[in-house]
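Below is one structure, written out as structure tokens; comments come after it.
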Amino acid sequence: MRKLTYETVFTEYLPDEIPAEYVELIEEAKRQTQKAYAIYSNFQVGAALLLENGKIIGGNNQENAASPSGICAERTAVFYANSQYPDVPIKAIAIAAYTNSDFISSPISPCGSCRQVLLETENRYGKDIQLILYGKKRIYVLNKVRQLLPFSFDGNSLERK
Ligand code: THU
């Protein structure tokens with residue numbers, strides 16, 4: 001018998017430490033929150049993707065009275081990018097959230113379904129997707145989706161006997 005562990009490594013930046021290379025993507029994620037359709041939760045989430053071809057793709061949460069029919073910001077953006085640029089890997093995703101007239105202080109992290117979709121995209125292109133999680137007081141950066149979903153069900157699982 002042996003015990004195994006997974007370790008998640010991430011970097012915390014304070015507002016005055018944010019590397020310049022993240023600023024544009026964070027600003028787009030923040031802008032995206034303002035276009036969310038979140039009348040039920042009043043929690044507006046924005047996502048911005050940086051594609052390997054340099055394009056920036058935005059998305060936000062789209063809610064519905066029949067709540068399971070709604071979708072998170074991350075999947076709105078990722079599915080759009082994968083549908084329109086099927087051959088272009090995603091390099092990074094920034095995520096921001098706005099509620100009660102302000103951006104949240106501490107970052108949110110993608111829900112389980114979004115992690116699953118992001119991980120499949122990471123695996124599909126064989127290219128790590130950096131996660132930039134924005135909060136007004138601190139920003140977290142993880143270098144790959146695998147860090148958020150280490151014990152995953154993926155395409156390899158389907159081939160196991
Ligand atoms: N939501 C996102 O869009 N992304 C996340 O990472 C977490 C949650 C949305 C779903 C729902 O519209 C609202 O936030 C409240 O859960």
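What the table below lists for this structure:
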quantity	calculated
Out of Glu74, Glu52, sole residue that is within 16 Å of the ligand (Cβ to nearest atom) and acidic (Asp, Glu)	Glu74
Meets criteria (within 27 Å of Phe151 (Cα to Cα), at pLDDT 95 or above, open to solvent by less than 80 Å² (accessible area, probe 1.4 Å) and hydroxyl-bearing (Ser, Thr, Tyr)) for Thr11	yes
Among the residues listed as Ala38, Ala81, Ala92, the single one being near the ligand (Cβ under 8 Å from one of its atoms) and either in contact (Cβ under 8 Å) with a residue 40 or more places away in the chain or in contact with a strand residue (DSSP E or B) (Cβ under 9 Å, 6 or more places away or on another chain) (or both)	Ala38
Condition check for Glu63: away from the ligand (no atom under 15 Å from the Cβ), over 14 Å from Ala94 (Cβ atoms) and of a type in the set (D, E, K, R)	no
Within segment 95-119, tally of residues that are crowded, with 21+ Cβ neighbours inside 10 Å, part of a helix (DSSP H, G or I) and near the ligand (Cβ under 10 Å from one of its atoms)	1
Residue identified as open to solvent by 20 Å² or more (accessible area, probe 1.4 Å), modelled with pLDDT under 95 and either within 16 Å of the chain's Cα centre (by Cα) or not acidic (Asp, Glu) (or both) among Arg160, Arg138	Arg160
Pairs, first in contact (Cβ under 8 Å) with a residue 12 or more places away in the chain in segment 54-71, second surrounded by fewer than 16 Cβ atoms within 10 Å (Cβ to Cβ) and charged (D, E, K, R), C-beta under 8 Å, six or more apart	Ile56/Glu24; Gly58/Arg31; Gly58/Lys35; Asn60/Lys35
Filter pass, Glu27 being outside any loop (DSSP other than H, G, I, E, B), among the charged types (D, E, K, R) and more than 19 Å from Lys144 (Cα to Cα)	yes
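The values are calculated or read from the model by the stated rules, or taken from the named source; none is laboratory data. Bear in mind the structure is a predicted one, so any value in this text is a computation, not a measurement. Note that each Cβ is placed from the backbone with ideal geometry, even for glycine, and that neighbours are counted across all protein chains shown. Heads up: the accessible areas ignore ligands, DNA and RNA and are worked out on the full protein's heavy atoms, side chains in. Shrake-Rupley method; radii C 1.70, N 1.55, O 1.52, S 1.80 Å.
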